[in-house]
Every structure is written in structure tokens, then in C-alpha cells.
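The structure appears below as C-alpha cells.
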Amino acid sequence: MKKIWITSALVVVLATVALVFWNTKQSLQIIDSAQLSQWMTDEKDMVIVDLREPELFEEGRVPYAINISFAEINEKYRSIPTDKKVVFVCHTGRMGVESGNLLLENGYKDVANLDGGMAKWTGQVES
């Protein structure tokens, strides 16, 4: 009887720990152009990372963005500060999702992706 009680208690503790871990896991924020424009006005500690190829980045980008191409993100993501909000921008948003999840899996807490990427960006373009 005592073994059953101890086993049951252990199962409850492990389930509670798993539930807490599951609920505290960060998730990627998907934002639109209006939200990014607002953050650019309000947020001071934000890094916008353009994942497109350098040639496309030079042709036109979201203001204040830095360029780390998708091909390089696995090697260079550690250069992105962990204590700032990070927003990914790419062609249509798909590479940003993958890159955002990479950062979240590596301890970053505040990560977002521009839904639709540059194809749907309605704000100012810098070149």
C-alpha cells in the first residue's frame, strides 16, 4: 500500500513539473506591419533581423534592420542580444518562423516574426 501511495505521489509531482514547464515555454509572436510599426515607435531595446539575401536587403528593408541571411542564422544567431526583443523579417514570413523558433529553443525570451515578411510590409522602406 505504501509503495502505491509513493508511486502515485511521484506521478503527481512529475506531472506538475511537466505542466509548469510546458506552460512557461515561450512561443513565437506573429505580428503584422501595424504592430511592428508601433513597436518601432515605442520600443527602444529591439533588434530587427532581415533574413533575406544581402542584395535584397540593400535594395530595401525595414528601417533599422540588420542583415543576417537565413543561410547564416545558425552560425550567427549568438550575435543577437538575448536581452532585447528580436523581430525577424524575411520574404514572406516562413524563414522568420524557423529562425524565431531557433532562438526560442536557445534561451531567447521575446521573439517575433513579421507575418507575410517584406511582401506584406506596409511601413517605410529604407535602402
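Read-outs throughout are calculated quantities, based only on the coordinates presented, and are distinct from any laboratory measurement. What you see is a predicted model; the values in this text were computed from it and never measured. Don't worry about glycine lacking a Cβ; one is built from the backbone with ideal geometry, like all the others, and counts go over all protein chains shown.
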Exercise. When we measure straight from the Cα of residue 84, which aspartates and glutamates land under 17 angstrom away, once same-chain ones fewer than 8 places off are left out?
Worked result: 42, 43, 45, 50, 105, 110
Problem set entry | Percentage, to the nearest whole number, of Cα pairs in the range 26-120 over 17 Å apart | 41 percent
Seminar exercise, completed: Contact order relative to length for the range 85-127, counting C-alpha pairs under 8 Å separated by 6 or more residues, stands in percent at 50 percent
Exercise. Using the 10 angstrom Cβ neighbour count as an exposure proxy, how do 77, 64, 108 rank, fewest first?
Worked result: 64, 77, 108
Exercise. Computed FRET efficiency, Cβ-Cβ of residue 3 and residue 105, R0 30 Å: what is it to the nearest 0.05?
Worked result: 0.20
Exercise. Per-residue HN-Hα couplings for the range 65-82, Karplus 6.51 cos²θ - 1.76 cosθ + 1.60 at θ = phi - 60°, whole Hz, x for Gly and Pro?
Worked result: 6, 9, 10, 10, 5, 4, 5, 9, 4, 5, 8, 10, 4, 5, 7, 7, x, 7
Problem set entry | Note, ³J(HN,Hα) from phi for the range 101-113, Karplus 6.51, -1.76, 1.60, rounded to Hz, x at Gly and Pro | 5, 4, 5, 4, 5, 10, x, 6, 10, 10, 10, 9, 10
Exercise. So, in nm, how far is label residue 32 from label residue 77 when the simple model puts each one 7 Å beyond its Cα toward the Cβ?
Worked result: 2.8 nm
Problem set entry | Chain lengthening between residue 66 and residue 92 when straightened (0.36 nm per residue, less Cα-Cα) | 7.6 nm
Exercise. What are the lysines whose alpha-carbon lies under 19 Å from the alpha-carbon of residue 85, with same-chain residues fewer than 8 places away excluded?
Worked result: 25, 44, 76, 109
Exercise. Among 88, 57, which comes first, then next, by fewest other beta-carbon atoms within 10 Å?
Worked result: 57, 88
